[in-house]
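Quick notes on the structure that follows.
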Amino acid sequence: MRISRRLGLASALPILALAVFAPFSGASRAGGPCTGAMLTGTFKAVPNSEGAGNIVYRLRLVDSSSQPCFVTGIPGLTLLTASGKKLPTNARFGGRPGALSAVMVPLTTGHAAALTARFSPDVPGPGEPVLKNACERTAYKLRVAPSGGGTVVVPIKPPTPVCEHGTLSLTVFTRAS
């Protein structure tokens with residue numbers, strides 16, 4: 001009986017090893033971190049997400065290069081005017097303190113990752129001026145600095161002001177369709 005248990009365990013070990021290490025094999029195929037030059041994207045309002053003075057926009061980044069790469073962490077974000085001037089921007093992780101904020105999402109050519117940003121387009125923060133019925137100037141573009149370096153500028157659809165001095169509450173990246 002002891003021999004059959006040992007053989008059973010011995011034959012199960014390779015399967016267990018595959019189950020434990022399989023998730024990491026995709027990481028090696030992902031290459032290095034994506035750079036801005038490797039990506040294209042959009043920052044669009046999520047339909048029917050408005051409520052309680054907030055709205056949710058989705059940042060979608062696509063690997064437009066011929067190389068596999070990955071996105072992870074919270075990217076550097078800068079809101080821009082139509083002419084490309086910087087606007088106040090305060091992007092931060094919106095999860096609970098201590099929660100996981102750096103998920104690695106491997107990408108290959110044509111595949112995408114996304115995160116969401118919740119913000120107020122019309123409720124001013126403390127000490128924020130109100131100009132022509134808006135708390136901040138309208139943002140038309142978003143400059144994204146992924147963890148691999150460089151930047152990519154994506155359009156904001158529809159263009160929007162971001163109140164509370166440009167505060168964006170972000171989720172982590174996930175695979176996107």
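Just a few scattered comments:
- Selection over the range 87-105 of residues that are out of contact with any Asp or Glu (no Cβ under 9 Å at 6 or more places or on another chain) and in contact (Cβ under 8 Å) with a residue 24 or more places away in the chain gives a count of 12.
- Filter result for the condition that a residue is at pLDDT 95 or above and part of a strand (DSSP E or B), over Ala114, Ala82: Ala114
- Ala30 meets the conditions (1) within 15 Å of Gly148 (Cβ to Cβ); (2) modelled with pLDDT under 95; (3) touching a Ser or Thr at 6+ places or on another chain (Cβ under 6 Å) in every case but one. The failed one is (3).
- Check on Gly127, in the same structural domain as Pro88 (by TED's automatic domain parsing), in a loop (DSSP other than H, G, I, E, B) and without any contact (Cβ under 8 Å) to a residue 24 or more places away in the chain: yes
- Some residue of the range 43-53 being assigned to a strand (DSSP E or B) and either in contact with a helix residue (DSSP H, G or I) (Cβ under 8 Å, 6 or more places away or on another chain) or closer than 15 Å to Ala145 by Cα (or both): yes
- Test result for Pro159, surrounded by fewer than 18 Cβ atoms within 10 Å (Cβ to Cβ) and free of Cβ contacts under 8 Å to residues at least 40 places away in the same chain: no
- The residues of the range 149-171 that are closer than 16 Å to Leu115 by Cβ and touching a Ser or Thr at 6+ places or on another chain (Cβ under 6 Å), listed by number, are Val154, Thr171.
- Restricting Gly166, Gly84, Gly110, Gly150 to residues that are at positive phi and either touching a strand residue (DSSP E or B) at 6+ places or on another chain (Cβ under 6 Å) or buried (at least 16 other Cβ atoms within 10 Å of the Cβ) (or both) narrows the list to Gly166.
- Within the range 147-160, if we keep just the residues that are out of contact with any helix residue (DSSP H, G or I) (no Cβ under 8 Å at 6 or more places or on another chain) and at pLDDT 95 or above, the residue that is farthest from Thr109 (Cα to Cα) turns out to be Thr160.
- Residue identified as out of contact with any Cys (no Cβ under 9 Å at 6 or more places or on another chain), modelled with pLDDT under 95 and in the same structural domain as Lys141 (by TED's automatic domain parsing) among Gly53, Gly73, Gly41: Gly73
Here is a yes/no grid of residues against (1) more than 17 Å from Arg60 (Cβ to Cβ); (2) among the hydroxyl-bearing types (Ser, Thr, Tyr):
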| residue | (1), (2) |
| --- | --- |
| Glu128 | yes, no |
| Thr138 | yes, yes |
| Ile156 | no, no |
| Pro161 | yes, no |
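The values are calculated or read from the model by the stated rules, or taken from the named source; none is laboratory data. Source: prediction; values computed, not measured. Virtual Cβ from ideal backbone geometry, glycine too; neighbours counted across all protein chains shown.
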